[in-house]
Each structure stands twice: as structure tokens, then as C-alpha cells.
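Heads up: the structure comes next, in C-alpha cells.
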Amino acid sequence: MHFKFKNHFSAVAILLFILFTCGGAQAQHISFGTWAGGDIVITPGIPGDLNFNNKTQVITPGWNQSVTISLHDAEAAVLAIEGTEYYDVTVTIDAPPTLDLDASNKIPVKIHFAYSNLNPANVTVAKTQAIEVPVGFNSATFPILRRTNGPPGPPPTPPSAGYTPPRKTAYLFIYGTLGPVGNVDAGAYEGTVNVTVEYSKYN
Amino acid sequence: MIYLKKIVPWYRLAAILFCMFIFPGIQGQNTISIKASATVVEATGIELITLKDISIDEASAANGILNISPVTDETAGKMLVKGKINSTVRLSYLNQLSLVNTSGEGTLLFKYIVSGNATDNQRASQLLDQVERIVQFNDKGQYYLWLGGQVDLTRAKPGSYNGEFTIQIEYI
């Protein structure tokens, strides 16, 4: 009797702990990314940077001056994300609100991004299939390889000795609008956009 | 109470195992930085200088039609466009213009043909026969234009005809 009570008490304690930790109903995700290794590879494409002069060669001061690089422009920056095909990745963009020359010379910039994850043959195809992340969002979660149609397949084979899961490349496009340039000094205005990619864990 | 003490290690172990699965640490993460940049330059005007006017010589007309090639004829007009070094501009112009008889009645319809070159070499100039043409200044901020055209003189009344060639140039 004592033995049974002990087991019962242990189970209740663990259950209570889980309930408090989880804190209510959760969507039904299998978080494969929880066990993913650090094997995401990000490679800059062409162009690997966002240079607004590549779209408008001569940018002059003025309140009506602005330059927009759109997703389908050749000047949009390209990043290739290689990872295990069945994992979801979360991309987070940390972009500055302005490009700066110095403390008193700043030009507003709005950075947008899009992803393409249908296993495109090349960057050109990737761009035609790209999904633009709505304005106002700075992160997006998507599978490295998006399933096009049909029901989900069986769970993937986990990595093990002698077995490497298939890898695919998704593409990220970064673009945006500079301006209004305003009454600023001439010079080289710069900012850094940090792009973080990690396997999603749905915690 | 004695049983409660005994299960504490189990509780802790369960919590540790649970946390290990839920918070495995940062894995599979990669960060890259890309540079966003723009170079702003002082506003630079575009200067258009006429180096030579078109010379219309009636004697050169064949069957009353006068053709002046901007590429090969010495009588073609010549202009120099000055702007920002190596920058790209869009050219557009009206390819037809009425020349007004300044000494009498009548007008002549002149159809312009324009060629251009970043170097001062008329024979190597390229015809700018599209509505808009993208060209690039040379490393001295110069671009040359030659103006020719076609005019029908068969019904022209005697007199002196005048007109202005209008071209629009803008940085892109």
C-alpha cells in the first residue's frame, strides 16, 4: 500500500510540474528543431548587400527623394539558407530604422524580406516563388522545403550514424525603401541588417 | 512525511529531464550581417552646350529631300552634355520640330535623328533612335550628341528658318 501511494504521488508531482510549465493548451507541433544540430549554412548571394545606389546611381538630398528596391529588382540582396529539408527555420531580421552618416545625418530606411522554399533551381526561380513577409513583421517561420500539395508524409528518419538527412536550400531576399532622403549632407550612409536563422523549436 | 522526502529526488530528476528537452540551448542557429548603404552626392546640374548648329544646305538636297546623317555628315549639329562623372542619364527628345520662317510665311517640318557617344568621335557614335535612351557620362562627365535629320524642301518658301532642338536629360 505504501509502495503504490509513493508512485501515485510521484506521478501527480510530475504532472503538476508539466501543467504549470506548459500553461494551457498548445498547438500540436512536433518540434524536430529541438534536436537539430548546428548545421544551418547561410551564404550571401549576388548581390549580398543592399546598395541603394545600384538602383539609383545618383542619390541627391531632397525631401522628395526616395529609392525603392523591390523584391523583383535585381538589386535586392540574396541569402541562401541551407539546412535539413524537413526542419522549420525561424528567420529574424534586425534592421536599423535609418542609414547613418553621423549623429546628425540620418536617412530613414524600411527593410522588408521574403523567403522562397520550394527547392528552387536557382535564384531567379526562387524570386518568382518568393513569399513576402508582411510589413511590420521582423521574423518568419517556414520549412526549409515547403510541401506543395497532398497529405503530410510519414515522420522523417532521424539522423544517426551513417545516415545524414537530406538538405535543401531556401532563399531569403532583403529589400526596402530609402527615404525621404531629406536635407542631409553628402556622404556614405550605412547600416547593418542582422539576419538570424535558427531551427524552430515551438517552445 | 517520510515518503514525501523520498520523492524529492524523483521530482528534481523529472524537472531536470523535462527542462533538458524543452530548453536544449541554442542549436542550429546562424547569424549573418548584410550592409545596407547609400551614397548621397550634392545635387549636380546637367549642362547642355551647343558646339555647332545644324547646317541646312538646299544644294545638298536630292529631289527636294535633305538628309543629314548625324553619324557621317559634317553638317550635323553637335552638342556636349556635362554632368556627374560616370553617371547614367536618360535622354528623351522630340523627334519632330516645326522650323519657323523668320523672314516670311511658312514652316518646315524637321525630323531629327540623333546619335551619341561618350567620346568625341562622331563616326563611332550610336543612333539614339528610341523614345528614351540610357547613356553614361564618361570619366570627365561628358557625353556628345550629334544632330541630323530629314526635311522636305520641295514646298519650302524662300526665307530663313529657325527652330530649337529640345532634349530632356535626367539622372537615373
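Each reported figure results from applying straightforward, stated rules to the coordinates on display, with no laboratory input. It should be emphasised that the depicted structure is a prediction, and the values quoted were computed from it without experimental measurement. Cβ atoms come from the backbone with ideal geometry, glycine included; neighbour counts cover every protein chain shown.
Some points to look at:
- Basic side chains Lys and Arg get +1 at the Cβ, acidic Asp and Glu get -1 at the Cβ, and with that the dipole of the range A:82-151 about its Cα centre reaches some 260 debye.
- For the segment B:98-110, counting C-beta atoms of other chains within 10 Å of every residue's C-beta and taking the mean gives 0.
- Since only A:180, A:139, A:191 are under comparison, the one whose Cα sits farthest along the positive direction of the charge dipole of the range A:137-203, derived from C-beta charges on Lys, Arg, Asp and Glu, is A:139.
- Residue by residue along B:56-69, Cβ atoms of other protein chains within 10 Å of the local Cβ number 0 on average.
- Proximal aspartates and glutamates relative to residue B:140, as straight alpha-carbon distance under 15 Å, when same-chain residues fewer than 8 apart are discounted: B:47, B:120
- Virtual spin-label span in nm between residue A:148 and residue B:123, 7 Å along Cα→Cβ: 5.8 nm
- Spin-label model, residue B:130/residue B:80: points 7 Å from Cα along the beta carbon direction are separated by 2.8 nm.
- Residue by residue along A:181-189, Cβ atoms of other protein chains within 10 Å of the local Cβ number 3 on average.
- Spin-label zone in the range B:137-171 - amide nitrogen under 12 Å from a point set 7 Å from the Cα of residue A:60 along the C-beta vector: B:169-171
- Computed lengthening from residue B:44 to residue B:154, 0.36 nm per intervening residue step minus Cα-Cα distance: 35.1 nm
- Partners of residue A:106 within straight-line reach, counting aspartates and glutamates whose Cα lies under 18 Å from its Cα and excluding those fewer than 8 residues away in the same chain: A:94, A:185, A:190, B:42.
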